[in-house]
Amino acid sequence: MLRESIVAAGIVAICCGLLSNPAEARSVDRFRLGGWLGDAYVDDANNRFSSCVASAQYRSGIAMSVQVDGNYNWFIGFSSSSWNMTVGQTIPLQYRIDRGAWQQATGEVKTATMVRIQMPANGYLVRRFRRGRLLQVFDGSNTYEFRLTGTSKLMARLGRCVEINSARFGVASTPSAPAPGTSAPSQPGGAQPGGSQTAPANPALQVEATQALFNLMTQAGLSGLKLIPDQDREDSLKGLYAVAKKDGRTVVAHIFEPGGYASEQDLMAQIIADSAKSCEGSFQSGTEQTSEAGKQLFTSYAHCTSGDTDLVERVAIVPRAAGGIFVYGISDTYTGTADGPTVSPPELTDPDFYRAAAEAAN
């Protein structure tokens, strides 16, 4: 469909095509990062910052562009000089990162040669894009593949681009609006203008997840953990709704609303794959379905041993009464060397963790 319904371009023209009103936008800053060429744009009508866009050309003849606007909504665009589409047309698409489940999306034709997808307001998906190796897009007839080379540094660079140019020009009063039913995502680079806390994708869900996290810790008898704001977290934890830490233990709570994930099984598989990818030693993992307090839980464990360090990660996915799911995770790091201090978080058995997770949202 993309190939058949799809004349122009060059990377700069592709970047402009991502903007809502390309005729009224101008580039005020340019950067190159590996194979990516990026620009920051302002709206000529009011001289306000509009978005940062970076594009890369693939051997297939298709260019892929990534756009982040002043509200940290993010978009992916695809362009080819061989396409000739109708501006304003929408195209049903599916996409996936690595071996993840296929996600439904709607492509909007912005120019005759370029189609754009608004990505969901989902910090987890941003991290998957940053750390992934392959993006596949299916248009109903053909599957297109894009190697995600350098996307981790790219998303961080786009985040800094938005931060710098938002402060320099101010944000346009009518930024790109989120797709219906979504809200602004976590910042791709983890940065926040002015150094303040990263705005959550949904403040109400952050409050709910934070309360659920405190309930989990109370039910499990965990004490002394400190709630960590987003800007003080390591990259792998940014965008999660609630995170608490003490010594070698980290506890997290996150909420996925209906439609924000393919299935519990696919989500758990992605979580384990992320753990395996970051392990530099021996790795073991497993999953199990169990019932606690009248609720069906989907659980997993992952164990990474590297030198004198053992990292044990446990996850429980619990149904949410309002729809969707809670995801609770506990990460324990155990270290013991002859020369340094021993770190050993207090024991928390699997049954106690599962019981606490099941009761946390009650």
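Miscellaneous remarks
- Charge tally in the Cβ shell below 9 Å around residue 219, where Lys, Arg are +1 and Asp, Glu are -1, residue 219 excluded: -1
- Positive contributions from Lys and Arg (+1) and negative ones from Asp and Glu (-1), summed over other residues with Cβ under 12 Å from the Cβ of residue 128, come out at +4.
- When the solvent-accessible area of segment 194-298 is split by element, carbon and sulfur atoms take up 47 percent of it, the probe being 1.4 Å.
- Whole-number percent relative contact order across segment 245-339, with pairs defined as alpha carbons under 8 Å at least 6 apart: 32 percent
- Sequence-ordered 3J(HN,Hα) estimates for segment 226-232 from the Karplus curve with 6.51, -1.76 and 1.60 and θ = phi - 60° stand at 10, 5, 10, x, 4, 6, 9 Hz, glycine and proline given as x.
- Within the straight-line cut-off of under 18 Å between alpha carbons, the lysines reachable from residue 245 are 226, sequence neighbours fewer than 8 places apart in one chain being disregarded.
- Charge tally in the Cβ shell below 15 Å around residue 282, where Lys, Arg are +1 and Asp, Glu are -1, residue 282 excluded: -3
- In this structure segment 213-362 gives 47 Å² per residue of accessible area when probed at 1.4 Å with all protein chains present.
- Highest to lowest packing among 102-109, 243-250, 352-359, 229-236, scored as the average C-beta count within 10 Å: 352-359, 243-250, 102-109, 229-236
- Segment 25-90 and segment 300-323: distance between their alpha carbon centers, rounded to Å: 37 Å
- Protein accessible area in segment 48-179, 1.4 Å probe - carbon and sulfur %: 46 percent
The values are calculated or read from the model by the stated rules, or taken from the named source; none is laboratory data. Not measured: the values here are computed from a predicted model. Backbone-built Cβ (ideal geometry, glycine too); neighbour counts: all protein chains shown. Surface areas here come from the heavy atoms of the whole protein model, side chains and all, with no ligands, DNA or RNA. Shrake-Rupley method; radii C 1.70, N 1.55, O 1.52, S 1.80 Å.
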